Every structure is written in structure tokens, then in C-alpha cells.
Amino acid sequence: MSKVKYYYDPESLSYRKIERKKRRTFKFALVFFLAAALFGFGIDFIARQYFESPKEKALKRELQNMELQYQLLNKQMSEAEAVLANVADRDNNIYRVYFEANPIPEAQRKAGFGGINRYKDLEGFDNSKLIVESKKRLDILQKQIVVQSKSLDEIAVLAEEKEKLLAAIPAIQPVSNEDLTRMASGYGMRSDPFTKARKMHWGMDFTAPRGTPVYASGDGKVVRADSRATGYGKHIRIDHGFGYVSLYAHLYKYNVRKNQKVKRGDLIGFVGSTGRSQAPHLHYEIFKDKKRINPINFYYGSLTAEEFAKLLEHASLENQSLD
Ligand SMILES: [Zn+2]
């Protein structure tokens, strides 16, 4: 028990308790605790600079692992980029060339994203650069895949069109070779069988006996099968699409009707001598965009090289056409 001390207060003329000392002790204690706490925090602060807590260690390991995973992801992205670059290269240099489509420019394939900064929320951290770079690569990769996919869609449509075009082009001889008596006359200046004057012969004449089968030279639709055109007699016109029309004149009989769809090689009629004709033969014409062109250039594939050479020789002779 502490001693209670008194002192005489001359003013109040009485003894009073001395309490000053207790207050001072309290003050000292407070200062001591404050100093101790400050020192403690100081030591803790310094210790934290040099030593890690288990939690920090765990976090650090996690971060390192994440960085490693990012690096692996980037490696995988490089591989994906290489594969895609190879596909894009084949696309530009083979498929698009074959189907006559313009190559997609490199800049368009590899374009990033302009305008606003799409990666703003990823910035401001220690590993921002790694994350932003990876994200950018992935975004470009994704965009490239979309461009590539669209290109292949386009190719698919072109391929289908090309197949139709190849089937539609009037590409075979309308009269079979063994049925021909002789090639009478080709496309070009010929003497008219009736007037003997030189004039343009707009088609090819195939001489064959009356009743010889005549075949459609490509897929298409019969747009005319009548004898209402001057000179042609009984004739058939097939619209092949893509600007191609083929015409078969001086027929003896029809084997198709107007508006009928035909395939290449279908029997459409028979050789005759109707209209302005001297003897039984098939007069054959090809129109491209309403202009008559030389049919000789269209028999590739259906004739052997020898047959084609013979045909070419006969067709270029300046003889008299049968009209
Ligand atoms: Zn003719």
C-alpha cells in the first residue's frame, strides 16, 4: 500500500493529499508504452522489408506459377499462330488463286484493334505488360481465325459456282465423232453455199446422216425449240447460265421441249436439213454474252489431241459452208 502524503495548503488553511506523483507515474507509463509500441512497429516494419511471412511466400509462389503458365500459354499461342499462318498462306496462294478470288492482304489478316484502349483495366500492375501482350496476341489470333473462316466460306461458295460453271460451259462436241461423215466447215469467212459469196459463217457445221443424235454440250435450260428463226430451220437454243448459250440448227426432229432442263450429253434432237441448208448437217453456234464465238475452243477434254488437231485443220479450211 502506498503511503499517502499530505501537505499544508496555506490558502485553504488545511492539509491536502499529494496527488502529483501518481499523475506523473501515469504519464511516464503512457510515454513508455507509446515508445515501446513505436519501436515494435518499427522493428516489424524493418523485418517485413527483409523477411517474408508464410502468406507472402505462398502468394509469391502463386505469382511465379502464374507467370510460368503465361509463358507456356504464349508458347502455345506461337504454335497456333504458325499453323494459322500456314493455312492463311495456302488460302491466299492456292485456294483463292484457283477460285479466282483476290488474296486477303496481310495487313487485313493481322490487323489489331485501333481506337480506344481495350486493355486499360489490365494496366497499372507489375505484370500488366505480360497480361496485356498475351491478351493482344490472343485477340489478333481470334480475329485472324474469323478472317480465315470467312475466306473459306467464300471459297466454298466459289467452289460450288465453279463446279456449276464447269458443268454448264458448252464443252463437248454436239455430234459424236463416229457419227460424223466429215467436218464440213468451221467458224470464219466462208463462201455461201447458195450465193457463193464470201461471208461470215458464225458456227461449225458437222456433216452427218439425217437422224444422227445431237447432244447438249453443257448443262442448261432449253430456251427455244422451234423453227421460227430465219434460216436455222428446226433449232434448239440452250441457256447454260454464266452468259453462255448454245444453238443447234437444221434439225430433223426434237427430243426436248422448251423450258426443259438438260445435262451435258443429253440427247436433244437429230441431224436434219431444215431451213437454209444444202445437205443434212448440224450447224452449231456458241454465244457468250450475246456475241457469237468460235466453238472450236470449247472441245477440250472431250477430244484426244489427235482428234482436236484434225478438227482444227478441217475447221480452218476455207471451204464452202453448208450453212
Ligand atoms: Zn453452218
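The values are calculated or read from the model by the stated rules, or taken from the named source; none is laboratory data. Just so we're clear, the structure is a prediction, and the values are computed from it rather than from any experiment. Heads up, the Cβs are rebuilt from the backbone with ideal geometry, glycines too, and the neighbour counts pull from every protein chain shown. Side chains are part of the model used for accessible areas, which takes the heavy atoms of the whole protein and leaves out ligands, DNA and RNA. Shrake-Rupley method; radii C 1.70, N 1.55, O 1.52, S 1.80 Å.
Some points to look at:
- Under the Debye formula (equal points on every Cα, no solvent term), log10 I(q)/I(0) of region 27-111 at q = 0.15, 0.20 Å⁻¹: -0.79, -0.96
- Normalised contact order of the chain, rounded percent, pairs of Cα under 8 Å and 6 or more residues apart: 15
- Taken along its three principal axes, the alpha carbon spread of region 165-232 comes to 38, 29, 24 Å, from the longest extent down to the shortest.
- Rounded FRET efficiency, nearest 0.05, which uses the C-beta distance separating Leu166 from Lys310 and R0 of 25 Å: 0.50
- Helix axis angle, 128-168 relative to the chain longest principal axis, alpha carbon, degrees: 10
- Residues of type aspartates and glutamates that Lys60 reaches as a straight line, Cα spacing below 12 Å, ignoring anything fewer than 8 places off in the same chain: Glu52
- Over the Cα atoms of region 43-160, the radius of gyration divided by the Kirkwood radius equals 1.23; this is the Rg/Rh ratio.
- Acute angle (nearest 10 degrees) that the helix 20-50 long axis makes with the longest principal axis of the chain, alpha-carbon atoms: 30
- Scattering curve values for region 36-80, log₁₀ I(q)/I(0), Debye with Cα scatterers, q = 0.21 Å⁻¹: -0.74
- Accessible surface, per residue, of the chain when the full set of protein chains is kept, probe 1.4 Å, Å²: 67
- Full-extension gain in nm, Lys57 to Ala229, via 0.36 nm per residue minus C-alpha separation: 52.3 nm
- Counted over all Cα-Cα pairs of region 140-253, pairs farther apart than 18 Å make up 65 percent.
- The C-alpha atoms of region 94-202 occupy a region whose extents along the principal axes are 95, 30, 16 Å, arranged from largest to smallest.
- Taking only the Cα atoms of the chain, the radius of gyration and Dmax are 48.3, 166 Å.
- In this structure, the residue pairs whose Cα-Cα separation is over 19 Å, taken from Lys110/Lys135; Lys110/Lys150; Lys221/Lys310; Lys199/Lys288; Lys110/Lys136, are Lys221/Lys310; Lys199/Lys288.
- Set of aspartates and glutamates with alpha-carbon distance to Lys290 below 13 Å, sequence-local pairs under 8 removed: Asp239
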